[in-house]
Amino acid sequence: MKLQDLEIFVIAPPNPGMGGRYWIVPKLTTACGIVGYGECYAAAVGPQAMRAVITDVFGRHFEGESPEDIERMFRRTYSSGFTQRPDLTVMGAFAGLEIACWDILGKARDRPVWALLGGKMNARLRAYTYLYPLDHHDPVDFWISPEMAAESATDCVARGYTAVKFDPAGPYTMRGGHMPAMSDITRSVAFCEAIREAVGDKADLLFGTHGQFTPGGAIRLGQALEPYSPLWFEEPVPPDNPAAMAEVARAVRIPVATGERLTTKVEFAEVLRAGAATILQPALGRAGGLWEGKKIATLAEVFGAQMAPHLYAGPVEWAANVHLGVTCPNLLLVETIETDFHRDLIGGTIGVENGFIPAPEAPGLGIAFNEDLARAHACDRDGLHLEMQDAPCDWQNGNAFAGGSPE
């Protein structure tokens, strides 16, 4: 069983605000005809440039190899170009190819991927979702309305969710950490108050910040949110400074979560050693794939940290997250995005049932990837998957987060 062919789907989802502007799905085929699908969560270069990187990594390190030799292919890729250090783009390419190898291996053995990674620890996985506008909500005003957010949270709880995420705390800028505007702190408190009142103790509040604050700014914001007991305070400072994040973790009585922008066990180990976070959120399509994700989970277990695999991508990465989560004794939550397009792209094979995801039982990733649908939505967008804004925080007029990847 040797890896022979590569095809890459770059897909533009109909709603780019729920999963990003595009999804990159590599398809691998063995010489004996077994097909596997993966997903690359890499956003630092455009999709066509990423296509070239994936093709190069496949040709150098995967083609002609056995899909069983995950560790060997990882070490070759990790060491490529005389590096042996985390590289976000290269490891993102590797991750999508690696996930596809596991899909192949599961199909070859007629077993779900989780059975090859340690077996079933969790028969069902607790899911969470971002709060998104309901049909009657204004899609612009929603992102700054505590009242609409509370309505959306109530709807999520009615569908069985026991945790909801929201991030009203102001802009993500390329300038790095900033001190929040007082109006951003006020709005954040109002969101927590309204949502907590709406859901009571039926759901945890997951407060999203994405590296936009200085340590001092994050501490001011976090301490203001403490009365509402959020389950986590997500990435309060830029991810390149674990020591600064640890400063926040020591000063705020909310667990700190981080990980969507990190890659490989090396960067996650730095977070754990620094005491920067107790909840890890690897995006498997960026962090290095399923095997690297399993290593990260093991490191987290040793440090008493929990896993909450991140998703702001398509359903193939989600399927990989689910299989990893099935095997983890220290699983906390699995991020989920429910759209018709997410569901249809994998044939409705994995889904959320009353707020939980049953462990898949079909071979491989357990998905029925719809290639015709993927080709019908080929990407024609110019923007990156996600982008920072150039403008600084607006301390006078306030800041209106527009949600995800708006067009």
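Each reported figure results from applying straightforward, stated rules to the coordinates on display, with no laboratory input. This one's a predicted model, so the numbers in the text were calculated from it and none came from an experiment. When we count neighbours, we look across all protein chains shown, and the Cβ atoms used for this are built from the backbone with ideal geometry, even at glycine.
From Cα pairs below 8 angstrom and at least 6 apart in sequence, can you work out the relative contact order of the chain, rounded to a whole percent? It would help to have the intermediate numbers written out before the result.
Numbers: 937 pairs, mean separation 98.3, N = 407.
This gives 24 percent for the chain.
The packing ranking, built from the mean of other Cβ atoms within 10 Å per residue, places the peptides 301-314, 352-365 in the order 301-314, 352-365, highest first.
With contributions of -39500 (n - 2.57) from each DSSP H run of at least four residues, the per-residue ellipticity at 222 nm computed over the chain stands at -11000 deg cm²/dmol. One Cα centroid belongs to the range 214-293, the other to the range 153-177; the line between them spans 16 Å. Taking the chain as the region of interest, the number of lysine pairs whose Cα atoms are within less than 16 Å, with members eight or more places apart or on different chains, is 7. Taking every alpha-carbon pair under 8 Å whose residues sit at least 6 apart, the range 184-320 reaches a relative contact order of 18 percent. log10 I(q)/I(0), Debye, Cα-only the range 143-278, no solvent, q = 0.13, 0.19 Å⁻¹? Log10 of I(q)/I(0), two decimals: -0.52, -1.03. Sorting 178-189, 279-290, 162-173 by their mean Cβ neighbour count within 10 Å, with the most densely packed peptide first, gives 279-290, 162-173, 178-189. Compute log10 of I(q)/I(0) for the range 103-200 with the Debye formula, placing one identical point scatterer on every Cα and leaving out solvent, at q = 0.20 Å⁻¹, to two decimals. Debye output, listed in q order: -0.94.
I need the shape label for the range 3-111. Rule: rounded when a/c is under 1.5, else prolate if a/b > b/c, else oblate, with a, b, c from the alpha carbon gyration tensor. It is oblate, given that a/c is not under 1.5 and a/b is not larger than b/c. With the simple spin-label model, which puts each label point 7 Å out from Cα in the Cβ direction, the Asn354 to Val302 separation comes to 3.9 nm.
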